[in-house]
Amino acid sequence: MTEKQLYIADSAVFIMGNCPFSYSQMISIPGVESEIKSEDALLRFDIAKAEGLRIEAVDKSYTDEIKKHAEWTRDIDELSKTDLDVLSKALEYRGIAILLTDDFAVQNIATRLNIAVLPVAQRIIKDNIIWQKQCIGCFKYFKEGEECPICGSPLKKKMKKKLKKKPISCYEQETKEYE
């Protein structure tokens with residue numbers, strides 16, 4: 001028997017409040033609630049739970065793979081613990097769920113891992129990106145850091161290269177059976 005499509009809900013679902021999918025088809029993680037600040041968004045989160053939103057603990061066995069890919073793309077500094085956990089949950093359900101997020105760094109990692117993504121209010125990323133840091137003083141490039149080890153100037157995030165890996169949108173996601 002084929003079940004309804006599942007969605008992994010990032011905090012954007014509750015913050016933006018314009019998600020067209022049933023909350024009963026959504027799964028989220030405990031950390032999402034801590035990212036929600038406005039009363040309206042908290043109310044939407046509470047309504048979602050009452051209407052069937054599942055809050056599931058994160059299986060840490062997926063987190064190491066997420067971190068490895070985030071370090072490779074150099075998105076690791078942009079991702080909060082909640083972002084890492086949402087990605088871990090999406091990886092756990094890869095192939096049977098679509099990740100709902102507006103966060104470009106989260107989309108970048110999801111794309112690398114062949115996780116289907118659907119933005120809530122923003123556009124979907126067009127390419128997978130590898131980042132690097134460039135000194136604003138001496139213009140040297142570095143993998144990481146906030147301050148240039150050569151001249152002491154701040155480092156700014158710059159695109160190193162685009163990978164021609166097309167994101168998997170929800171419209172390309174095949175309906176999967178699950179137990």
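We did not get these values from a lab; they are worked out from the coordinates using the rules stated. Since the structure is predicted, the reported quantities are computational estimates derived from the model, not experimental observations. Methodologically, a virtual Cβ is constructed for each residue, glycine included, from the backbone with ideal geometry; neighbour enumeration extends over all protein chains shown.
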Query raised in the report: Along the range 52-62, what does the Karplus equation 6.51 cos²θ - 1.76 cosθ + 1.60 (θ = phi - 60°) give for ³J(HN,Hα), rounded to whole Hz, x for Gly and Pro?
Result: x, 4, 8, 9, 10, 5, 8, 7, 4, 5, 8
Requested in this report: Please say if the range 6-123 is rounded, prolate or oblate, where rounded means a/c under 1.5 for a ≥ b ≥ c the square roots of the C-alpha gyration tensor eigenvalues, and otherwise the choice is prolate for a/b larger than b/c and oblate otherwise?
Outcome: prolate
Requested in this report: Rank these for me by crowding, Asp10, Asp59, going from fewest to most other beta carbons within 10 Å.
Outcome: Asp59, Asp10
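Using Cβ counts within 10 Å as a stand-in for footprinting exposure, how do Thr111, Thr63 rank, fewest first? Write out the running numbers ahead of the final one.
Numbers: Thr111 25, Thr63 17.
In order of increasing Cβ crowding within 10 Å: Thr63, Thr111.
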**Report entry** In order through the range 73-80: 3J(HN,Hα) via Karplus (6.51 cos²θ - 1.76 cosθ + 1.60), integer Hz, x for Gly, Pro
**Finding:** 7, 6, 8, 4, 6, 8, 9, 7
Query raised in the report: Once phi is turned into θ = phi - 60°, what whole-Hz ³J(HN,Hα) does the Karplus curve with 6.51, -1.76 and 1.60 give for every residue of the range 151-159, x standing for Gly and Pro?
Result: 10, x, 6, x, 9, 10, 6, 9, 6
Report summary line: Under the rule rounded for a/c under 1.5, else prolate if a/b exceeds b/c, else oblate, using alpha carbon gyration tensor axes a ≥ b ≥ c, the range 40-92 is classed as oblate
Report task. Hey, can you grab everything whose amide H is under 5 Å from the amide H of Leu155? Only 5+ residues off in sequence or another chain; H modelled, so Pro and N-termini drop out. Result -> Glu147, Cys148
Report task. Could you pull out every residue, at least 5 positions away or on a different chain, whose amide H is within less than 5 Å of the one on Thr101? Hs are placed 1.01 Å off N in the peptide plane, and Pro or chain starts have none. Result -> Leu118, Val120
